Each structure stands twice: as C-alpha cells, then as structure tokens.
Amino acid sequence: MIVFFALMACEDSAGVAPDGMVYIKGGEFVMGIEHPMMPEAAPLHRVKVDDFYIDATEVTNAAFAQFVEETGYVTVAERPLDPVEFPGVDESLLVPGSVVFHSPSYPLTDGPLAKGWSFVPGASWKHPAGPGTTIAGRENHPVVHVAWEDAMAYAAWAGKRLPTEAEWEFAARGGLSQAEFVWGGEMNPEGNYMANTFQGDFPFNNSARDRYIYTAPVGSFPANAFGLYDMSGNVWEWVSDWYSPRYYATLVKNSIVENPRGPSKPVAGKQMKVQKGGSFMCTDDFCARFRPGARGRGDVDTGSSHVGFRLVKDRVQP
C-alpha cells in the first residue's frame, strides 16, 4: 500500500529556497527496489537524510551554455582522446566525440550496435546528434553528453554539488513510501503519460505516444509531490556515489543508515558512478530503471545522448 510520509517538501523556515530549487525536509525512507531485472537495487533498507535543496529540473542547455560562456570550460566529449589510453589505435581515430543513440525503424541484429548506439565524432553537448546539429530551439532541454567530470565542474561554478544517491531517491519519491513510480503505483494513471520514456519494441519503432522520441523540454510532464520535474525518464542523472552492484548488501541489516555516500572508492578498479532516474530510452521491455528505487551506472569519463544531471545544495541550519 502506498502512503505519504508526514515529512513533505515545504518552504524552508530559514527562508525561501534558492532560485530554481526546492527545499526538501529530510527524514527516513525505504531505499531500493525488489525487481527481477534489478538485483543491484536490493535489498530494501532504511535510510535517513538531512534537509537539503534540489534543482526543480535537470540542468538545461541554456544554463550549461552560460557556464561555458563565463568559464571557457571544454567538456570531455570535446577533447581529443589520449593515445596513451588507447594503445595500438590509429591516432587519426582518436578524435573528440560522444556516444549517440538513434532509434532505427527496423529490428537490428546482435552486435555492439544492436541497440542503436554509435560513437559519433563531433557529438557534444552543443552538437547533440553530431556535426550539423545544434541546441538552437532546444535551450530548455536537459544538457546531455556530459561526463561526470563535466557535471562536477558545473556544480563548482554554480556553488552546488551533485546529490548523493540517497538524497536523489528521497527527493524523487516525493513522500510516497515504496511506490513503484515517482507519481504512484500505476504506470499510466487514467491513460496519462507521466514521464518521457520509450513506447514500442525497443530499440526500433518508437511510437512516441508520450510525444517525444528523444529528450523533452524540462517540465513537460507533471511534477512529483515535492514539485520536482523529470525525476523519471528524460535523461539519466549523475549522482556522487561510486557504483557497486553489492553496496546495498554490505549495509547493516535492520539498521537505519544516515546520509550514506556509497563506497569510499571505485570497486574493482572500475571508474563508475551511479546514475538515477532512467531516460527516454527506458521501457519495461529493455530498461525498467525509470523507477525511483532503480540504479544505473556510467563510466566517469563518458557522456552520451541520454545522460544529464541536476544539483543540490546543503541547507545551512539557522
């Protein structure tokens, strides 16, 4: 049964939340999900987080463009690849670029590109599908092709930080206890699409019944009960925790974990950070991880056309 926590997002007693952010009153919740496709998101465990502020939306192209204009920052996708890291590879191939998803109109055979992915030279946050494409008219879409390092650089400029996995999930749930989705227990309540996900037989024939094939402008779907948009679907969001598929199992059973921050270092040498929320590519037939308790992960030095971020800020106690 789905119930609301008594602790809800509200105006901060110390003052109004920073512009574009929502005040989240901390509390306890049950973190994770038990789902056959997501063993890394189990077992369920109780967590307590402190008060914080969180961006109401994902960081947009317009906001990221302002950051680049003011700082001259060059993203990972815009930098040439280091030959030392790719021994034996023709240096002419080590060009700036990023990974792009294209939804084909026909089934694909097995292989590295079977799911519609390809490395596109010249693809970056300002050329989301590669050379010849721009963000003109997409200023209010979430910025993509940002590696974890890029998100951290933006956060330092903005005077904020990436959320912990626990903070992100607490905020995404919007006060609903163990609900399957950030809006409740039904995928499409009363036939309404609540998030930008994939409809059809992944990866081809996206019917776009939710109106979008790729990213949607932030805030195109209803906010959760805390007033946060796109906590499900649209783009995956980086958080600060190192990823370990067994991390939840290492926590002390039946105890409340306060402000967890994940493993203290990369696991087995894999430089991977947690991602949350799913993306426009998620569907129960392929990736069911648009649920709040689900977990994704990504290499810290890799961005793609379905990964972005939002930020948080600590609340200074009055």
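So the values come out like this:
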| read-out | value |
| --- | --- |
| Net charge contributed by nearby residues that have their C-beta within less than 13 Å of ASP82 (K/R +1, D/E -1) | -2 |
| Share of carbon and sulfur in the accessible heavy-atom surface of the chain [1.4 Å probe, %] | 55 percent |
| Accessible area expressed per residue, the range 21-314, with surrounding protein chains retained (probe 1.4 Å, Å²) | 43 Å² |
| The chain: Lys pairs at Cα distance under 13 angstrom, eight or more positions apart or on different chains | 4 |
| In degrees, nearest ten, helix 148-158 long axis to first principal axis of the chain (Cα) | 60 degrees |
| Gyration tensor verdict on the range 94-230 (Cα atoms; rounded if a/c is under 1.5, prolate if a/b is larger than b/c, oblate otherwise) | oblate |
| Long-range HN-HN contacts of ALA56 with modeled amide H, under 5 Å | MET21, VAL22 |
| Label-to-label distance, nm, for residues given as VAL30 and LEU94 (7 Å Cα→Cβ offset) | 5.1 nm |
| Equivalent ellipsoid semi-axes - Cα gyration tensor, the chain, angstrom | 30, 23, 21 |
| Förster-model FRET efficiency, 22 Å R0, PHE119 and ASP285, C-beta, rounded to 0.05 | 0.30 |
| Estimated FRET transfer efficiency when R0 is 51 angstrom, pair GLU190-ARG246 (beta carbons, to 0.05) | 0.85 |
| Helix 61-71 axis, angle to the chain major axis (alpha carbon atoms, nearest 10°) | 70 degrees |
| Cα gyration tensor shape for the range 156-217, rounded if a/c is under 1.5, else prolate or oblate | oblate |
| Packing-based order for 81-94, 39-52, using average beta carbon neighbours within 10 Å, highest first | 39-52, 81-94 |
| Stokes-Einstein D for the range 204-318, Kirkwood Rh over Cα pairs, 10 °C, 1.306 mPa s (µm²/s) | 99 µm²/s |
| Three-way shape call for the range 15-84 based on the alpha-carbon gyration tensor, with the a/c threshold at 1.5 | oblate |
| Residue order for TRP238, TRP117 - accessible surface, 1.4 angstrom probe, largest first | TRP117, TRP238 |
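The values are calculated or read from the model by the stated rules, or taken from the named source; none is laboratory data. Not measured: the values here are computed from a predicted model. Positions of Cβ are backbone-derived with ideal geometry, glycine not excepted, and every protein chain shown enters the neighbour counts. All accessible areas refer to the heavy atoms of the entire protein, side chains included, with ligands and DNA or RNA removed. Shrake-Rupley method; radii C 1.70, N 1.55, O 1.52, S 1.80 Å.
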